[in-house]
Structures are given as C-alpha cells and as structure tokens.
Amino acid sequence: MTWKVLNGNGDTAAGRDLAPQRRQRIRSIVDSRRAARLEELSAALGVSQATVRRDLDELAAEGKVRRVHGGAVAMDERPSERHFDVKAVEAAEEKERIAARAIELLSPDDTVYLDSGSTVLAAARLLRGWDRLTVVTNSLPAATELAGRGPRLILVGGEVRATSQALVGPLTHLLLDTLHVDRALIGTFALSLEEGLTTTDPAEAYTKELVIERAREVIVLADSRKVGTRSFVRAGRLEAIDILVTDNGIDERVVRSLERRGVKVIKA
C-alpha cells in the first residue's frame with residue numbers, strides 16, 4: 001500500500017477507511033519534526049492540502065497536535081504550569097466574561113463547589129453578597145475572596161499545592177466523600193475530545209475527579225486556548241461534563257463534536 005492512493009479530497013469510501021492510518025502518519029511526521037507545513041504533509045502523503053487540513057483539524061480537536069497557521073506543531077505532553085498569580089492576569093477580560101456567564105447558571109439557594117483556577121476565582125468574586133448560597137471550595141484565593149462576604153463557606157482540607165494555591169490530594173477525600181453539591185464550577189489546565197479534562201499534577205487531578213463524582217451538574221470554565229489541548233494526567237472524563245463555558249474563539253467544529261458527546265457549549 002502507498003499513500004498516493006489517497007488522492008482528491010479523501011471522501012471516497014477507500015479514503016474514509018484509510019483516514020485513521022493517514023492521521024496516524026501525519027501525527028508521526030509532526031511529532032518527529034516538531035512542526036510541519038500543509039504542503040509538506042500533502043507531498044509526503046500524496047493527498048490534497050484540503051484533506052490534510054481536515055485531518056489536522058481532527059487531530060487538534062483530539063489534542064494530538066496543535067494547529068498553527070499553515071500547518072501544525074507537536075503537542076508537549078507535559079507542558080509547564082505557570083504560578084497562579086501569573087495565570088490570574090492572563091486573558092483577564094475573557095475570564096471575567098466566562099465567569100459572569102457561568103454565574104447566570106446558578107440559583108441563589110444552591111450548594112456550589114468552586115474549583116481552583118483563575119477563571120473560577122473570577123466567578124468567586126461575583127458571588128459576594130449571595131447570602132443564601134453555600135460554597136464548598138479547595139481554592140485558597142476563592143476562600144479568601146468570600147470569607148465573611150455573604151455565602152456560607154466550607155473549605156476542603158488537604159495538602160497545599162503552591163502552584164495553583166489549592167488544597168489537593170487524598171486528604172480531600174475525607175470531606176468530599178460525604179458531600180453532594182448542586183453544581184461544580186471546574187477549572188482545567190487542558191480539555192480535549194480524546195482525554196477530557198487533564199492537568200499537570202496527579203494530586204490535583206484526584207481531587208477534581210472526586211468533586212465531579214459528587215456534583216449533580218458539572219460546569220467547566222475554560223478559555224478557548226485550553227480546548228483541543230491535553231496535559232499529563234486525566235482529571236475528568238468528557239462524558240462527566242454537562243456544560244462548557246468558554247469564549248468565542250472556540251472552533252465551531254470542536255463545538256459540534258462536544259455537543260455530539262453530550263456537552264452543552266456556552267460562549268461568553
């Protein structure tokens with residue numbers, strides 16, 4: 001078999017049958033070179049640039065490559081995580097819009113879990129004065145933001161993770177295993193169709209998964225730069241997410257794929 005049999009736009013039955021093999025070949029080329037242009041991939045596989053473009057879009061949606069103008073670059077399987085204070089000032093306007101839209105999904109008498117993360121912290125700031133609300137959180141910044149400012153506040157115990165300023169790990173099980181929350185506002189380091197929620201730290205992933213299991217509705221807050229990427233360890237299955245609140249930068253093809261998997265996408 002040669003790759004040159006996949007000519008045209010790849011929409012024939014044979015082209016569809018070989019698409020997974022072709023995409024694996026594309027991924028291998030991108031990973032080995034760390035980056036590849038459309039025309040290079042088209043020539044290497046003997047298919048049109050339109051076919052390669054569709055394949056790259058699919059691979060990007062699965063978190064296997066990162067799309068850039070004119071081609072793709074390899075994913076870093078273990079990207080470094082910046083300190084919470086640095087992340088808090090990045091894309092601040094988008095995060096505030098996402099937070100405001102997410103807050104509209106809450107009811108005044110809810111029991112709400114606030115996860116760690118700068119976008120969830122933006123949501124916490126909007127909950128000042130919600131005196132009928134019960135907030136459970138593992139986020140030290142969110143707890144500081146809300147202490148004595150309206151909601152009933154319950155802080156999850158655990159080990160302090162300096163990078164995210166969150167309480168994480170097996171000790172969080174002691175409280176979380178006894179609770180049920182109406183809604184959980186979850187932050188994430190990365191989100192892909194293939195892996196769901198992923199993050200850099202196993203202890204933080206452990207705590208996120210505990211919360212997701214105890215929530216009636218799971219609402220993920222993530223700007224579009226995180227969608228289509230993946231990190232080191234899984235923190236929640238895609239099927240466990242009810243709603244994704246993001247910004248208008250999200251690819252519509254990814255939106256359709258998420259909604260087919262049962263995730264409602266709200267753009268702020």
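The values are calculated or read from the model by the stated rules, or taken from the named source; none is laboratory data. Nothing here was measured: the structure is a model prediction, and the numbers come from that model. All Cβ positions, glycine included, derive from the backbone under ideal geometry; neighbour counts span all protein chains shown.
Pairing each residue of segment 257-268 that is over 13 Å from residue 102 (Cβ atoms) with any residue that is part of a helix (DSSP H, G or I), provided the two are 6+ apart or on different chains, yields C-beta distances under 6 Å for 257/61; 261/238. How about segment 113-138: which of its residues are in contact with a Leu (Cβ under 6 Å, 6 or more places away or on another chain) and either farther than 22 Å from residue 268 by Cα or of a type in the set (Gly, Ala, Ser) (or both)? 123, 124, 135, 137, 138, listed by residue number. Applying a threshold of 7 Å to beta carbon distances and a minimum spacing of six or more residues, or different chains, the list of pairs starting in segment 203-225 at a residue that is farther than 16 Å from residue 139 by Cβ and touching a residue at least 24 places away in the same chain (Cβ under 8 Å) and ending at one that is among the small types (Gly, Ala, Ser) and part of a helix (DSSP H, G or I) reads 218/240. Here is the figure for segment 49-63: residues that are modelled with pLDDT under 90 and among the polar types (S, T, N, Q) total 0.
Is it the case, given these coordinates, that residue 144 is out of contact with any Pro (no Cβ under 7 Å at 6 or more places or on another chain), in the same structural domain as residue 218 (by TED's automatic domain parsing), among the hydroxyl-bearing types (Ser, Thr, Tyr) and surrounded by 15 or more Cβ atoms within 10 Å (Cβ to Cβ)? When the stated conditions are applied, residue 144 does not pass them.
Yes/no per residue for (1) outside the structural domain of residue 235 (by TED's automatic domain parsing); (2) crowded, with 20+ Cβ neighbours inside 10 Å; (3) free of Cβ contacts under 8 Å to residues at least 24 places away in the same chain:
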| residue | (1), (2), (3) |
| --- | --- |
| 99 | no, yes, no |
| 104 | no, no, yes |
| 107 | no, no, no |
| 112 | no, yes, no |
| 116 | no, yes, no |
| 121 | no, yes, no |
| 126 | no, no, no |
| 129 | no, no, yes |
| 134 | no, no, no |
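Examine segment 1-14 for a residue that is aromatic (Phe, Trp, Tyr) and either farther than 23 Å from residue 229 by Cα or modelled with pLDDT of 70 or more (or both), and state whether such a residue exists. Checking segment 1-14: at least one residue is aromatic (Phe, Trp, Tyr) and either farther than 23 Å from residue 229 by Cα or modelled with pLDDT of 70 or more (or both). If the condition is being in contact with a strand residue (DSSP E or B) (Cβ under 7 Å, 6 or more places away or on another chain), under 17 Å from residue 188 (Cβ atoms) and modelled with pLDDT of 80 or more, then segment 64-104 contributes 98, 99, 101, 102. The set of residues from segment 243-268 being surrounded by fewer than 18 Cβ atoms within 10 Å (Cβ to Cβ) and part of a loop (DSSP other than H, G, I, E, B) comprises 248, 249, 251, 261, 262.
Scanning segment 96-147 for residues being aromatic (Phe, Trp, Tyr) and more than 19 Å from residue 244 (Cα to Cα) gives a total of 1. Residues in segment 206-248 that are within 24 Å of residue 158 (Cα to Cα) and at pLDDT below 95: 231, 232, 233, 234. As a summary of the residue check, residue 147 satisfies the conditions (1) over 20 Å from residue 208 (Cβ atoms); (2) of a type in the set (Gly, Ala, Ser); (3) touching a Lys or Arg at 6+ places or on another chain (Cβ under 7 Å) except for the one numbered (3). Looking only at residues that are of a type in the set (A, V, I, L, M) and at pLDDT below 90 in segment 24-48, which one is nearest to residue 62 (Cα to Cα)? By that ranking, first place goes to 30. Is there a residue being without any contact (Cβ under 8 Å) to a residue 12 or more places away in the chain and not hydroxyl-bearing (Ser, Thr, Tyr) anywhere in segment 232-252? Yes: one or more hits.
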